[in-house]
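Chemist: Got a structure for you, written out below as C-alpha cells; questions coming shortly.
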Amino acid sequence: MREIKFRYRFQNRKTNEIVTTVLTLLDIEIQGFIPNPFEGFGWSVLSRDQFTGLLDKNGKEIYEGDIVEFKYANMKKLKRAEIAWGTGGFWVVGWWNKMYDHARMEVIGNKWEHHDLLEVK
C-alpha cells in the first residue's frame, strides 16, 4: 500500500513568506487532524497536493499539481502536462490514459510555483 502524503504550501500573512513541506497522514493524525501546524502563527494554506504513490524517471515523488515532461515512443517532441486527480485516480491532464508510464516522466515543477511551464509559447 502506498504511503499517504500531502505537500503543503503555507504563506505567512504578514511577511508573505512561502514555506513548502510534506506531511504524512500520520503527521496529520498526531497533530490532531490540523493540517496547518502554523495556523495559530499567522500562516494560511496556499495549496495541498496529494502524493500519487509514483516516482518519476529520476526517482522523484510525483504529486497532484506537478508539471511533468515526457515523450512516448511515437512522439517527436517532449510534452508537458499537469498531474491531476480525476475519475478513479491520478491523470496526466489532456491525455487519454492514466499515469501508467510514469517511469518516462520527469517532474520539472508544479503549477503553483512554476505555472509558466504550461504556457504555450
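The values are calculated or read from the model by the stated rules, or taken from the named source; none is laboratory data. On a predicted model such as this, the values are computed, not experimentally measured, just so you know. Neighbour counts run over all protein chains shown; Cβ positions are idealised from the backbone, glycine included.
Chemist: Pairs under 6 Å by beta carbon, first residue closer than 30 Å to residue 9 by Cα in the range 66-78, partner part of a loop (DSSP other than H, G, I, E, B) and basic (Lys, Arg), six or more apart or different chains?
Modeler: Within 6 Å, the pairs are 78/71.
Chemist: Out of 42, 59, report the one residue that is modelled with pLDDT of 90 or more, on the phi > 0 side of the Ramachandran plot and surrounded by fewer than 16 Cβ atoms within 10 Å (Cβ to Cβ).
Modeler: 59
Chemist: Does residue 72 satisfy the condition of being in contact with a helix residue (DSSP H, G or I) (Cβ under 9 Å, 6 or more places away or on another chain) and at pLDDT below 85?
Modeler: yes
Chemist: For residues that are within 10 Å of residue 106 (Cα to Cα) and among the acidic types (Asp, Glu), tally how many sit in the range 67-87.
Modeler: Result for the range 67-87: 1.
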